[in-house]
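Everything below concerns the one structure shown next.
The values are calculated or read from the model by the stated rules, or taken from the named source; none is laboratory data. These numbers were taken from a predicted model, which means no experiment stands behind them. Here the Cβ positions follow ideal geometry from the backbone for every residue, glycine too, while neighbour counts run over all protein chains shown.
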Amino acid sequence: MTATPAPPELKARHRAMWGLGNYARVADELIPELGQVIVEACEIAAGDRVLDIAAGTGNAAVPAALAGADVTASDLTPELLEIGQARGSEAASITWRVADAEALPFDEAEFDVVMSCVGIMFAPFHEKAAAELLRVVRPGGRIGLVSWTPEGFIGQMFATMKPFMAPPPEGAQPPPRWGDEAHVRGLLGDHVTSVRAEKRTVAVDSFETGAEFRDFFKACYGPTIVAYRGIADDESRTAELDAALADLGDRYLTAGTMRWEYLLLTAVRG
Ligand SMILES: C[S@@+](CC[C@H](N)C(=O)[O-])C[C@H]1O[C@@H](n2cnc3c(N)ncnc32)[C@H](O)[C@@H]1O
């Protein structure tokens with residue numbers, strides 16, 4: 001697998017982006033069930049040494065700790081880890097560690113389980129992140145990934161925002177490709193066995209209209225905030241993005257519920 005060196009300014013930009021707004025509200029109010037989904041899929045049990053990559057505020061790390069595992073929650077963005085760490089007693093038993101998914105500060109085969117809940121997908125160099133994930137899980141250990149699919153709602157939100165954003169750095173791959181089973185199988189290659197992949201949806205019933213969804217993301221979600229900042233001095237582009245996101249939200253709303261598709265993929269390290 002090839003290693004693409006990532007410029008430090010890119011990491012700083014990504015860190016700053018995820019620190020914007022209020023990501024904790026996204027995790028807590030919209031997708032809390034995904035943490036439990038991944039913990040169950042990985043069959044996490046007491047005593048397991050678990051690494052959560054791109055853990056954010058601990059959406060998956062906390063239920064893993066509640067299951068009795070010895071959990072390390074790692075993320076590029078210290079502000080999010082600090083929010084998680086400041087929470088109740090389960091969070092207190094977690095080791096919170098700032099770490100880039102593309103350069104993990106952990107030993108080879110250090111963990112029984114390595115998981116990432118809509119997290120590792122945002123590291124731009126997929127081969128590098130996958131190689132790091134494979135390096136730190138022990139032979140026979142479990143891997144669990146929840147990733148937004150390209151054709152699902154969040155994949156479509158990124159597709160909608162793309163024309164309004166600065167082009168990604170050379171060699172970077174779009175996050176929702178981690179939601180494409182064939183792509184992930186290719187990344188993990190013959191380093192894993194027992195791959196199981198399933199598309200599922202999470203129901204989100206926090207919005208009555210597409211405009212409500214848009215305004216929540218404009219206020220809380222780092223990538224959306226960055227998209228708007230880039231066109232802040234252009235009223236007509238801003239109005240265009242406003243309309244496109246509201247329209248997208250409306251198209252996915254049925255009787256006050258949206259269904260956001262994700263890929264749940266589990267595997268065993270060979
Ligand atoms: C959508 S959030 C998911 C957080 C959490 N896993 C959850 O389920 O709520 C994406 C996370 O990826 C983190 N992230 C982005 N790029 C990263 C990288 N290169 N290495 C580690 N974490 C990264 C962000 O800081 C953010 O916490």
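So for the range 50-58 (the condition being aliphatic (A, V, I, L, M), surrounded by 20 or more Cβ atoms within 10 Å (Cβ to Cβ) and more than 8 Å from the ligand (Cβ to nearest atom)), does at least one residue qualify? Checked against the condition, which is being aliphatic (A, V, I, L, M), surrounded by 20 or more Cβ atoms within 10 Å (Cβ to Cβ) and more than 8 Å from the ligand (Cβ to nearest atom), the range 50-58 yields at least one hit.
Residue count for the range 53-70 satisfying the condition of being assigned to a loop (DSSP other than H, G, I, E, B) and either more than 19 Å from Asp107 (Cα to Cα) or modelled with pLDDT under 95 (or both): 7. Residues in the range 27-51 that are closer than 11 Å to Asp112 by Cα and touching a helix residue (DSSP H, G or I) at 6+ places or on another chain (Cβ under 9 Å): how many? Total meeting the criteria: 5.
Scanning the range 107-151 for residues that are in contact (Cβ under 8 Å) with a residue 60 or more places away in the chain, charged (D, E, K, R) and assigned to a loop (DSSP other than H, G, I, E, B) returns Glu110, Glu151. Pull up the range 36-49, narrow it to residues that are assigned to a helix (DSSP H, G or I) and in contact with a strand residue (DSSP E or B) (Cβ under 6 Å, 6 or more places away or on another chain), then point me to the one that is surrounded by the most Cβ atoms within 10 Å (Cβ to Cβ). Ranking the qualifying residues of the range 36-49, first place goes to Ile38.
Does Asp75 qualify as being surrounded by 15 or more Cβ atoms within 10 Å (Cβ to Cβ), acidic (Asp, Glu) and touching a residue at least 60 places away in the same chain (Cβ under 8 Å)? Walk me through how you get there before you give the answer.
Working: surrounded by 15 or more Cβ atoms within 10 Å (Cβ to Cβ): yes; acidic (Asp, Glu): yes; touching a residue at least 60 places away in the same chain (Cβ under 8 Å): no.
Here the answer is no, as Asp75 does not meet what is asked.
Just to verify a result, which residue in the range 44-68, among those that are within 21 Å of Ala86 (Cβ to Cβ) and not aliphatic (A, V, I, L, M), is nearest to the chain's Cα centre (by Cα)? Once the filter is applied, the top-ranked residue is Gly56. Out of curiosity, is Ala73 part of a strand (DSSP E or B) and in contact with a helix residue (DSSP H, G or I) (Cβ under 8 Å, 6 or more places away or on another chain)? Considered against the rule, which asks whether it is part of a strand (DSSP E or B) and in contact with a helix residue (DSSP H, G or I) (Cβ under 8 Å, 6 or more places away or on another chain), Ala73 comes out as yes.
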